Ligand SMILES: CC(C)(COP(=O)(O)OP(=O)(O)OC[C@H]1O[C@@H](n2cnc3c(N)ncnc32)[C@H](O)[C@@H]1OP(=O)(O)O)[C@@H](O)C(=O)NCCC(=O)NCCS
């Protein structure tokens, strides 16, 4: 498996995955704006020509926000998100990584907890589709632990 920066040619796949799995998928326009922002990057996990998962990151001052992470449903629990987080951690070296997750998203919460993220607060009613709160999670990334 190769992890590389996502490019414009990966957009049809990433938009399709977003549509299939998220209640509020990102639009093509949102991805294009993000890809043009030097403070944002997406990494994609591939095998040959096939994209299996991706992660989006946005650096804001000394903090790197995980904007998206998703893996194709038929290849989950094979360590793909773990490897994407590892690549994210290298990019975020020296910063703090943070994210929001639905309290009901047990898979994502288990992943983040295992990766060393800690709960840091709640954003009440954050998710517009159902009014669910967001759990804020946080991990300090020292440059020594980017090999995790
Ligand atoms: C969350 C998600 C990205 C995890 O991707 P993945 O490639 O299956 O995760 P990994 O295989 O790297 O899992 C690493 C660890 O996370 C935990 N984990 C992952 N999925 C889990 C699940 N369904 N149940 C419990 N623990 C889980 C486990 O500890 C796992 O290690 P293990 O398999 O050795 O037990 C994937 O389920 C997904 O795409 N979900 C839909 C999109 C989403 O919810 N994104 C997060 C938004 S905040």
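Read the figures in this text as sums done on the coordinates, not as results from a lab. As the structure is a prediction and not an experimental result, all values here were calculated from the model. Positions of Cβ are backbone-derived with ideal geometry, glycine not excepted, and every protein chain shown enters the neighbour counts.
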### Task
Give the relative contact order (percent, whole number) for the chain; include only Cα pairs under 8 Å separated by 6+ residues.
18 percent
### Message
I need the calculated FRET efficiency for the pair residue 49 and residue 118, taking r as the beta carbon distance and R₀ as 30 Å, to the nearest 0.05.
### Response
0.20
### Task
Using packing as a proxy for protection, rank 117-128, 46-57 so that the peptide with the highest average count of other Cβ atoms within 10 Å comes first.
46-57, 117-128
### Task
Give the residues of region 117-144 whose amide nitrogen is closer than 15 Å to a point set 7 Å from the Cα of residue 96 in the direction of its Cβ.
117-123, 136-142
### Summary
Here the percent of antiparallel bridges among DSSP beta bridges lying wholly in the chain, to the nearest 5, is 90 percent
### Task
Measure of size requested: the Rg and Dmax of the chain, with Cα atoms as the atom set and Å as the unit; please supply both.
14.6, 42
### Task
Can you give me the P(r) profile for region 44-111? Cα pairs, bins 5 angstrom wide beginning at 0, each as a whole percent.
4, 15, 27, 24, 18, 9, 3, 0
### Task
Just order 106-112, 134-140 by mean Cβ neighbour count inside 10 Å, highest at the front, would you?
134-140, 106-112
### Task
Grab the DSSP H runs of the chain that are 4 residues or longer, score each as -39,500 (n - 2.57), total them, divide by all residues and round the 222 nm result to the nearest 500 deg cm²/dmol.
-8500 deg cm²/dmol
### Query
Where does region 1-85 land on Rg/Rh, using Cα atoms and the Kirkwood Rh?
0.94
### Task
Take the Cβ-Cβ distance between residue 21 and residue 146 as r, set R0 to 30 Å, and report the resulting FRET efficiency rounded to the nearest 0.05.
0.60
### Message
I'd like the distance separating the alpha-carbon centroids of region 1-58 and region 82-102, in whole Å.
### Response
16 Å
### Task
Quick one: compute a quarter of the convex hull surface over the Cα atoms of region 3-43 and quote it in nm².
3.0 nm²
### Summary
Label model pair residue 33, residue 75: point-to-point distance (7 angstrom along the Cα→beta-carbon line) in nm is 3.0 nm
